[in-house]
Each structure stands twice: as C-alpha cells, then as structure tokens.
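In what follows, a structure is listed as structure tokens, so that the remarks can point back to it.
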Amino acid sequence: MNVLLIGGGGREHALAWKLKQSPLLGTLYCAPGNAGIAAVATCVPLDPADHGAVARFCKEHDIGLAVVGPEAPLVAGLTDDLETQGILVFGPSKEAAQLEGSKGFTKDLCTEYGIPTAAYGRFADAEAAKAHVSTQPLPVVIKADGLAAGKGVTIATSHFEAYTAIDACFGGAFGAAGAEVVVEEHLAGEEVSFLALVDGATALPLATAQDHKRAYDGDMGPNTGGMGAYSPAPIMTDALSRQVMDEIVVPTVRAMRDRGTKFKGVLYAGLMIQEGAPKLIEYNVRFGDPEAQVLMMRLKSDLLPALVATAEGRLAGASLDWYDEAALCVVMAAKGYPGSYKKGTEIKGLEEAGADPKVEIFHAGTKRDRDRILADGGRVLGVTARGHNIAEAQALAYRAVDKIDWPQGFCRRDIGWRAAARKGGAG
Ligand code: AMP
Ligand code: GLY
C-alpha cells in the first residue's frame, strides 16, 4: 500500500521511520518532509493547504492511506476533502477536529457529558472576560479559543497579567484564534499525555508518555511545543489508565458519535493528575510531538495496519504490542526558541551520534544543502534512545546529544527528571 504522510516535523519523522518498517508498505511519500524524513520517504513539495492538489496527488500515486500529522490541516478539513474523493485518511474530520480547534467547544462538551476538567468561562469580549477574572483566585489561566501553535495560553499570577493576556487575545495577537477567550481555573499537579487510537466507536490506548513543555531545566522558562518526552510515564498506573479511559476518553468518543461527529484518528488527552485523580486540560487530535518519537520507538506492532484499521472503523478486538524497554527523547532546538532564532546553521556529527542501534535521531526542522545538514526551524532534532529503564534511555540519549556538534543549538539537560527521581529511574 502506498502511503502519503502530511507534515514535516519530528513527529512525522518518527511516524515515517516506523511506517517504513511495515512489510505492507509500498511507497511512502511525505509532504513536505525534511532532511531526515528524506532518508525513509520520498519527499514531495505539496502544500497541505491546497486540498485539491493533495487529492490529485493521492489519485495519481495510488495512495491507499493518507496520514495527517499536524493539527492545522485537520482543523481546515483536509480529511473531509480527501474522503469525498474516496481516499482513506487517518485523522479526524473538520467537525471532530474541533476538540483541538476550539477550547470552548471541548469545555462545553466536558460539561455536557460530565468529563472532569478545570472550571471555566467562555467570553466573546474583553470587558466581560476581565469582570469574570476579577472574581477568580490566582493563578488564573487565559486561553485563546482557537489554534495558536501552543502560544495562546497564559498562566497569570496577577490580575494585571490576566487582563494583559485578554487584551492581547482580543487585540489580534493570535488572529482569528483569539476572537473568543476561555478563562480557566488553574490546576496544580503532574501533567501526563494519554493517547488512544479511535475509530469512531472503539478507543485503543497507546503506551503512556510524559512531555516537558517548558524551555529550560527545572521546568522553568516559556512554554514550548515540547522539549523532550519519555515513555512509559511512571505516574500512569494501570488503574489510573483505566480511570482515564472510563471517565474521559470513552465518554468523549461516545459524545462525538452521539453528536453525529464521529472521531477517527488519534485522540491525545493532555491530563493533570491531581491527588491521584485525572482532569482533562485539553485535547489534541493528532500524535504529540515529541511524544510520537518515544511511542514509535517502543511500538513493536506494525503501525500501518493499526492506522488502516482506525481509518476503516475496525479497531474492535485490535491490540498493540510494545517493547518493555523505556524510551526517552531530548529535543535540540535553535538558541532563542521559542522566541526568535537563526536558521541555516550547520549541524555536524549526526552519523556518529546515531550509530548506536538503540538511538534514533529524528529530524524536526532540518534541511539538506548538498552534503550538509542545516537547522531550519525552532525545534530541530529529537535525539531518542531506548533502554532497560528511563535512567538508561536518558544516559544513552544524552551520550548521543553530546556527540552532535551544533554550537547554535541547545537542549534541556534534565529530560526525564521526574521519572528518574521516582523509584531510582525504573521504567
Ligand atoms: P494547552 O494548550 O491548553 O495544552 O495549554 C498549554 C499548557 O498550559 C498545558 O500543557 C499546561 O502545562 C498549561 N495549562 C493549560 N491549562 C491549564 C490549567 N487549567 N491549569 C494548569 N496548567 C494549565
Ligand atoms: N507535545 C505536545 C504537543 O504535541 O502538543
């Protein structure tokens, strides 16, 4: 089966790397891909926003499955436009992608179906939002309703900071995404990522994972797309996973089906675990980045039939096998990220760093210039390793990081600290 993968980040490199191992795969295409993906797929300069062009490509190249990596094309309705043309797609419809595309939509769904989440209010104008905030305890969380590339959330520790965030949203800082604002109760606790394949009716949980959202060591600094991840997440016991399925994921899948907007694809619940109880922070409607990197390293089963079964609504009775080993990914970013950073700096030493069979270096923002690899984005590499436990995976990943010669890059040195601190690092 020929597959078209949409996207060009570290998540897509991990998916492409895993898909490439499938005996069922014919040709793997990736649009637009990156320098790392080019080693396992044929990269094509298709614009995912041009749905007609993507559909034509699928027809011309006999694509049996289109896999949509990032959220923006899903929220823009790429799945709907390909399915209309008879193309099988892994990824939710535009309506179902509202679970990520509108925070207000998701909060209302949680209220209606009794799904545990932070208390909230939705506001269409600044004055009403500020009046509400003035009555709320601190910190208080201000969110742009729509997609804001991870930048639309402010955890305000003063009312003044909250008012400033509200003004920024309505002032157009996030474009149309800020036309509505959600004000939320702040949840304290430990954050965890919980992902499940969903075929419209059945949800099949993936292995557990945890991400590091802040830019600097000690979970300090600005929020980012994710600076590192590991799997499994020691906090997610089997009992807690079952509770998340029963109280959050399954009711959501049922709610979406009841509304006539069946969810198909991967549902990623960002959770806060507060005194042992899970609450939903947000949904994403695609694989996490860098969660996908560690999950793909641990997935033993063939990914391709699992994605096809999800897209075809045949997940009932399906299961996935995972390696018992832990995996850990350290993101290397361009200095300055998540603020402004330089592109085009050269990265050396990748071959030697990736020589260990337990290490994979997933490319995020890279491009090739003849025989040189250049940085071409904020998050640039995901150095990922597998080990008997998280401490071992961490040591292997950092050993590889230290072989990479890229003075204009940086990474956190403490990825996995929570897990390593727990139980002496046992995965
Ligand atoms: P979101 O884009 O909704 O995932 O928010 C980005 C990050 O902000 C989350 O990963 C959390 O770390 C943090 N966050 C969002 N909402 C809350 C909340 N209600 N309480 C505490 N932290 C939050
Ligand atoms: N790692 C967080 C995300 O993919 O949104």
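The values are calculated or read from the model by the stated rules, or taken from the named source; none is laboratory data. Not measured: the values here are computed from a predicted model. Every residue, glycine as well, gets a Cβ built from its backbone with ideal geometry; the counts of neighbours run over all protein chains shown. Heavy atoms of the whole protein, side chains included, go into the accessibility calculation; ligands, DNA and RNA do not. Shrake-Rupley method; radii C 1.70, N 1.55, O 1.52, S 1.80 Å.
Values computed for the structure shown
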quantity: Criterion: touching a Phe, Trp or Tyr at 6+ places or on another chain (Cβ under 6 Å), over 30 Å from Glu360 (Cα atoms) and modelled with pLDDT under 95 - qualifying residue of Gly178, Gly152, Gly146, Gly171; calculated: Gly152
quantity: Within the range 185-233, considering residues that are among the β-branched types (Val, Ile, Thr) and touching a residue at least 60 places away in the same chain (Cβ under 8 Å), the one most open to solvent (accessible area, probe 1.4 Å); calculated: Thr202
quantity: Of residues in the range 109-145 being of a type in the set (S, T, N, Q) and without any contact (Cβ under 8 Å) to a residue 24 or more places away in the chain, the one surrounded by the most Cβ atoms within 10 Å (Cβ to Cβ); calculated: Thr111
quantity: Tally, over the range 148-164, of residues that are open to solvent by 60 Å² or more (accessible area, probe 1.4 Å) and either within 16 Å of ligand 2 (Cβ to nearest atom) or touching a residue at least 12 places away in the same chain (Cβ under 8 Å) (or both); calculated: 5
quantity: Residue check for Asp356: open to solvent by 30 Å² or more (accessible area, probe 1.4 Å), part of a loop (DSSP other than H, G, I, E, B) and either among the acidic types (Asp, Glu) or closer than 18 Å to Asp211 by Cβ (or both); calculated: yes
quantity: Leading residue by the ranking (nearest to Pro290 (Cα to Cα)) among those in the range 401-427 that are open to solvent by less than 30 Å² (accessible area, probe 1.4 Å), not small (Gly, Ala, Ser) and not in a helix (DSSP H, G or I); calculated: Ile415
quantity: Leading residue by the ranking (farthest from ligand 1 (Cβ to nearest atom)) among those in the range 102-160 that are under 10 Å from Glu184 (Cβ atoms) and part of a helix (DSSP H, G or I); calculated: Lys107
quantity: Residues of the range 1-28 classified as closer than 21 Å to Arg370 by Cα and open to solvent by 20 Å² or more (accessible area, probe 1.4 Å), total; calculated: 1
quantity: Criterion (within 16 Å of ligand 2 (Cβ to nearest atom), under 21 Å from the mean Cα position of the chain (by Cα), aromatic (Phe, Trp, Tyr) and open to solvent by 10 Å² or more (accessible area, probe 1.4 Å)) met by exactly one of Tyr337, Tyr268; calculated: Tyr337
quantity: Hey, Ala177 within 10 Å of ligand 1 (Cβ to nearest atom) and buried (at least 19 other Cβ atoms within 10 Å of the Cβ) or not; calculated: no
quantity: Positions within the range 175-195 being more than 16 Å from ligand 2 (Cβ to nearest atom) and either under 15 Å from Lys107 (Cα atoms) or touching a strand residue (DSSP E or B) at 6+ places or on another chain (Cβ under 7 Å) (or both), in sequence order; calculated: Gly178, Glu180, Val181, Val182, Val183, Glu184, Glu185, His186, Leu187, Ala188, Gly189
quantity: Residues (open to solvent by less than 10 Å² (accessible area, probe 1.4 Å) and under 23 Å from the mean Cα position of the chain (by Cα)) located in the range 384-400; calculated: Thr384, Ala385, Gly387, Ile390, Ala393, Ala397
quantity: Contacts under 6 angstrom Cβ, first residue in the range 24-51 being closer than 15 Å to Asp376 by Cβ and touching a residue at least 12 places away in the same chain (Cβ under 8 Å), partner open to solvent by 70 Å² or more (accessible area, probe 1.4 Å) and of a type in the set (Lys, Arg), 6 or more apart; calculated: Ala35/Lys367; Ala35/Arg368
quantity: Scan of the range 234-263 for residues that are surrounded by fewer than 22 Cβ atoms within 10 Å (Cβ to Cβ) and within 16 Å of ligand 1 (Cβ to nearest atom), ordered by number; calculated: Ile235
quantity: Unique match (being assigned to a helix (DSSP H, G or I) and more than 26 Å from Lys335 (Cα to Cα)) among Val192, Val253, Val182; calculated: Val253
quantity: Unmet requirement for Glu60, which otherwise passes all of (1) under 17 Å from Arg286 (Cα atoms); (2) free of Cβ contacts under 8 Å to residues at least 12 places away in the same chain; calculated: (1)
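Residues are listed down the side, and each one gets a yes or a no for (1) in a loop (DSSP other than H, G, I, E, B); (2) free of Cβ contacts under 8 Å to residues at least 12 places away in the same chain; (3) away from ligand 1 (no atom under 16 Å from the Cβ):
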residue: Met272; (1), (2), (3): no, no, no
residue: Ile281; (1), (2), (3): no, no, no
residue: Gly288; (1), (2), (3): yes, no, no
residue: Leu295; (1), (2), (3): no, no, yes
residue: Gly317; (1), (2), (3): yes, yes, yes
residue: Met332; (1), (2), (3): no, no, yes
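So that you can scan it fast, the table gives a plain yes or no per residue for (1) touching a Gly at 6+ places or on another chain (Cβ under 9 Å); (2) within 16 Å of ligand 2 (Cβ to nearest atom); (3) closer than 30 Å to Pro407 by Cβ; (4) open to solvent by 10 Å² or more (accessible area, probe 1.4 Å):
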position: Leu280; (1), (2), (3), (4): yes, yes, no, no
position: Val285; (1), (2), (3), (4): yes, yes, no, no
position: Asp289; (1), (2), (3), (4): yes, yes, yes, yes
position: Gln293; (1), (2), (3), (4): yes, yes, yes, no
position: Met296; (1), (2), (3), (4): no, yes, yes, no
position: Ala311; (1), (2), (3), (4): yes, no, no, no
position: Ser319; (1), (2), (3), (4): no, no, no, yes
position: Tyr341; (1), (2), (3), (4): yes, no, yes, yes
